[in-house]
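First comes the structure, then the notes that go with it.
Only the coordinates and a few stated rules stand behind these numbers; no lab work does. Here the structure is a predicted model, which is why all the values come from computation and not from measurement. All Cβ positions, glycine included, derive from the backbone under ideal geometry; neighbour counts span all protein chains shown.
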Amino acid sequence: MKTALDCLPCYLEQALRVARICTLDSGVRLAILQEAAGLIREMDMELTPPENSVELYAMIARLSSNHDPYLELKRQSQEQALAMLPLLRQEVLAADAPLALALRLAIGGNIIDYGAMGAFDAEATLATCREVPLAVDQSQSLLELVADLPPGAKILYLADNCGEIVYDSLVVELLAGYGLEVTVAVKETPIINDALMIDALNCGMDQYARILSNGTACPGTPLVRCSPEFQECFWAADLVLSKGQGNFETLSEVGREIFFLLTVKCPVVGNHLAELTGLTPQQLPGLGELVLYGYPGHFARSGHCGAGK
């Protein structure tokens with residue numbers, strides 16, 4: 001999806017939010033906002049919102065000398081999720097439909113997003129996501145597809161943020177248990193609160209999957225910017241599961257089938273998703289709607305994705 005006019009004030013709001021985290025120096029904060037305004041004037045509206053944010057966050061890191069401003073918040077999100085993981089795993093394994101429940105918990109966990117939201121309540125969202133109807137619900141199609149995959153089929157799981165990657169591990173664990181070869185993709189270097197290699201390892205995901213960097217510091221998956229290894233894996237996968245808004249924004253019109261799992265946190269994304277699904281904008285206002293959407297695309301495979309562990 002392309003950058004919308006409504007994205008522009010959001011970039012400025014994000015810049016101010018991060019500046020307040022990065023530094024107590026009011027002069028540096030002002031410089032960040034002034035340079036952010038300049039970047040906004042020059043943004044390419046044909047690019048996706050995550051792609052346009054890369055230069056913005058690089059500028060903030062340069063002026064503040066802080067290249068990972070969300071480090072402490074990421075640690076807190078990860079610890080909170082890890083504390084909940086044993087009980088959630090027990091609940092999932094005891095469920096009548098373990099994968100269906102794990103998918104709902106993963107979607108609920110997508111509320112953990114410091115780029116789109118200044119504040120959120122992850123525990124409250126996880127408490128309700130079991131019963132709240134999905135605004136877009138193609139979970140049955142996904143469950144049937146997974147059931148039909150042969151042992152050794154290749155799954156690519158695109159991770160999103162810290163904390164929520166712990167909930168993703170429940171899905172990945174189940175998929176690996178079905179005999180599928182899972183690869184989990186993370187970001188190469190810090191960007192907002194997106195998950196990195198260390199975060200995937202921290203929640204033990206390497207026990208069930210191969211962990212792969214997509215080669216970017218973009219809060220999404222812009223294929224042209226991703227590493228050749230990741231691109232090969234993306235096109236070779238039998239099934240791609242994509243978590244979060246940023247991955248949806250960058251992949252919503254790519255020519256292959258993808259299942260998107262996300263919590264909709266802004267009206268721009270809601271409007272775009274409504275156009276793709278035939279819903280009205282009123283049905284997807286961007287106020288925390290839970291979504292599991294199977295974008296049809298087409299299959300175009302080449303190369304090899306690599307085996308999971």
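Mean residue ellipticity at 222 nm from the helices of the chain, using -39,500 (n - 2.57) per DSSP H segment of n ≥ 4 over the full residue count, to the nearest 500 deg cm²/dmol?
Details: 12 runs with 148 residues, N = 309.
Rounded to the nearest 500, it is -15000 deg cm²/dmol.
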Contour minus Cα-Cα distance for D206 and Q140 (0.36 nm per residue): 21.0 nm
GNM result for the chain, Cα springs below 10 Å: residue of S213, S227, S65 fluctuating most strongly: S65
Sequence-distant lysines (8 or more away, or on other chains) whose Cα lies within less than 21 Å of K74: K187, K243, K265
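Using r as the Cβ-Cβ distance of A97 and S227, and R0 as 30 Å, what FRET efficiency do you calculate, to the nearest 0.05? Could you put the intermediate results ahead of the total?
Numbers: r = 36 Å, r/R0 = 1.19.
E between A97 and S227, to the nearest 0.05, is 0.25.
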The chain: relative contact order in percent, alpha carbon pairs under 8 Å with at least 6 residues between: 20 percent
Sorted by Cβ density within 10 Å, fewest first, the residues T216, T189, T128, T221: T128, T189, T216, T221
The chain: antiparallel DSSP beta bridges as a percent of all, rounded to 5: 30 percent
Simple label model, 7 Å out from Cα along Cβ direction - A37 to Q283, nm: 4.2 nm
Radius 15 Å from Cβ of E42, net charge of other residues (Lys, Arg +1; Asp, Glu -1): -4
For the stretch 1-56, fraction of C-alpha pairs farther apart than 15 Å, in %: 44 percent
Cα Rg, Dmax, the chain, angstrom units: 18.5, 59
Approximate spin-label separation A147-Q90, in nm, with each point projected 7 Å along Cα-to-Cβ: 2.9 nm
